[in-house]
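A short write-up of the structure that comes next.
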Amino acid sequence: MPSIFRITLLLFLLSIATADISGQTRPAQEDPPAREGSGQPNMSRDTSGRVFLSWVEKVGEKRHRLQFAVRNGARWSEPQTVAEGDNWFVNWADFPSLVALPDQTLVAHWLVKSAADTYAYDVNISRSTDSGRSWSKPLTPHRDGTKTEHGFVTLVPMADGRVGAVWLDGRNMKEGGHDGHDSHGGDMTLRFATIDARGRISEEALLDARVCECCQTSAAMTQEGVVAVYRDCSDKQIRDISIVRLHKGRWTEPRTLHADNWKIEGCPVNGPSVAASSRQVAVAWFTAANDSPRVNLAFSTDAGANFGNAIRVDDGSPLGRVEVVLLGDGAALVTWLERTEKGAEIRARRIRADGSRDEAIIVAESAAARASGFPQVVSSGDELFFAWTEAGASPRVRVASMRMAGGKK
């Protein structure tokens, strides 16, 4: 009997370990800090491991506000307001963000209309040095003055109180001529600038003179500098993922990360995601080349200079909308939307650099519609936090969390 008891106990302990390592456990949904009518969530973490959640809430018929909350132990803080206005550009795919700099300064961005045309809007960036109680007068990182699209921003915390901004910039496009699916009248560009603690803009750079018009950008800091990934666009309408790196003070020339050769005449509104730790980089992206939708992941061990083979992530019917985080064991966790008979599910999977994969985690049921937005994930220690928009008559940002072995270093 004792031996049977020991065997039973061993099998029980192994089952717990397997569930933790493989990610079989479903994340636990929590009471969200966001109210009904909220959407467009974004998540980030600071160097101490604090997790930030930002979102947009509708106020009345035309007004919107950007709010955020901080994870304190097992709970979220009360929401704080960054800014609000009745002339914002609010979009399911082009959403605000908030990051914390190494000195704990908070920096946020949102989008404000610059003219009556649908796609005429500017990036607004503001910072707070008192934990979000007050915010500086917003400024724009672009100084072209055109009434065109400026959005799909990624903020990157940098040294010396600076924040880097990567964004899609339509200054070369015809004013009022962008319908979100073509580039007639000029090309969308990818640009970069830094903003210091005194609001001074510098290091302005054109990173790519022709890119896809409305796919999200993503950027991260490696041991050697910033890496930025985005969906490119060739003159033959090949829209694969490209990468540029800030190396020794200079930006590299754009380079295709993986030759999917996805030819599509309109923007798929499905950008890549990058995560970095020291010299390790992981990039996840969606492609539908050859009418075969898939989510891929690739690893780099030299700060993004070179990448290994593409590893398939999805379960056979992906919609994309990817996010990626690196875990402390060197693996990456990728989230994406998978189509199902009922609509869609937000799924997550741990992938290792050797190509081995865990079973997928079902984070939550979702919908294939645009209103469901882009699910978010961030890691802190051995905890994973998820956020997404629950679409419907009363949309609302939802959150969930779980523990997983191999959390962020």
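Could you give the length gained on full extension between Ser136 and Glu341, defined as 0.36 nm per residue of separation minus the Cα-Cα distance, in nm? Please report the intermediate quantities before stating the final value.
On the way: separation 205, 0.36 × 205 = 73.80 nm, distance 4.74 nm.
Here the segment from Ser136 to Glu341 would lengthen by 69.1 nm.
If you sort Glu390, Glu175 by accessible surface, 1.4 Å probe, largest first, the order is Glu175, Glu390. Once you've got the Cα coordinates, tell me which of Lys113/Lys236; Lys113/Lys263; Lys58/Lys174; Lys113/Lys342; Lys58/Lys137 are over 26 Å apart. Table pairs above 26 Å Cα-Cα are Lys113/Lys236; Lys113/Lys263; Lys58/Lys174; Lys113/Lys342. For the range 219-235, the residues whose backbone nitrogen is under 19 Å from a point 7 Å from the Cα of Asp187, taken along Cα to Cβ, are 228-235.
Among the trypsin sites (Lys or Arg not before Pro) found in the range 93-156, those both in a DSSP coil and sparsely packed, with 10 or fewer other Cβ atoms within 10 Å of their Cβ, are Arg133, Arg143. Calculated translational diffusion coefficient of the range 250-345 (25 °C, 0.890 mPa s; Stokes-Einstein with Kirkwood radius over alpha-carbon pairs) equals 172 µm²/s. In a reduced charge model with +1 at each Lys and Arg Cβ and -1 at each Asp and Glu Cβ, the chain shows a dipole moment near 680 debye about its Cα centre.
Within the range 220-265, list the trypsin sites (Lys or Arg not before Pro) lying in a DSSP loop whose Cβ has at most 14 other Cβ atoms in a 10 Å radius.
Details: sites: Arg231, Lys236, Arg239, Arg245, Lys248, Arg250, Arg255, Lys263; in loops: Lys236, Arg239, Lys248.
Passing both the DSSP loop test and the Cβ count: Lys236, Lys248.
Count Lys and Arg as plus one, Asp and Glu as minus one, and take only other residues whose Cβ is under 13 Å from that of Arg198; the net charge is then +2.
Candidates Asn42, Met158, Phe286 compared by Cα position along the dipole of the chain: farthest toward the positive end lies Met158, with charges placed on Cβ.
First check a/c for the range 63-202, with a ≥ b ≥ c the square roots of the eigenvalues of its C-alpha gyration tensor; if it is under 1.5, answer rounded, and if not, answer prolate when a/b is larger than b/c or oblate otherwise.
Numbers: a/c = 2.23, a/b = 1.60, b/c = 1.39.
Taking the square roots of the gyration eigenvalues as a ≥ b ≥ c, the range 63-202 is prolate.
Between the residues Gly308, Ser77, Trp167, the greatest Cα displacement towards the positive end of the dipole of the chain, with unit charges on the Cβ of Lys, Arg, Asp and Glu, is found for Ser77. The alpha-carbon of Lys248 sits under 30 angstrom from the alpha-carbons of these lysines, leaving out residues fewer than 8 places away in its chain: Lys408, Lys409. Qualifying GluC sites (Glu not before Pro) in the range 271-362, where qualification requires a DSSP coil assignment and no more than 14 other C-beta atoms within 10 Å, comprise Glu341, Glu359. Each of Pro141, Ala116, Ala93 was placed along the dipole of the range 84-148 (beta-carbon charges, centred on the mean Cα), and the one lying farthest toward the positive end is Pro141.
What is the magnitude of the charge dipole of the range 55-213 about its Cα centre, with +1 placed on the Cβ of each Lys and Arg, -1 on the Cβ of each Asp and Glu, and no other charges, expressed in debye to the nearest 20? Let's see the in-between values first.
On the way: 19 positive and 23 negative charges, 112 e Å.
Dipole size: approximately 540 debye.
Applying 0.36 nm per residue to the separation of Ser234 and Arg35 and subtracting their alpha-carbon distance, the gain on full extension is 67.4 nm. What you get for the range 277-409, charging only the Cβ of Lys and Arg (+1) and of Asp and Glu (-1), is a dipole of about 220 debye around the Cα centre.
The values are calculated or read from the model by the stated rules, or taken from the named source; none is laboratory data. As the structure is a computational prediction, the values presented were derived from the model and not from experiment. Neighbour counts are summed over all protein chains in view; Cβ atoms, including those assigned to glycine, are modelled from backbone coordinates with ideal geometry. Note: accessible area is taken over every heavy atom of the protein model, side chains too, but ligands, DNA and RNA are not part of it. Shrake-Rupley method; radii C 1.70, N 1.55, O 1.52, S 1.80 Å.
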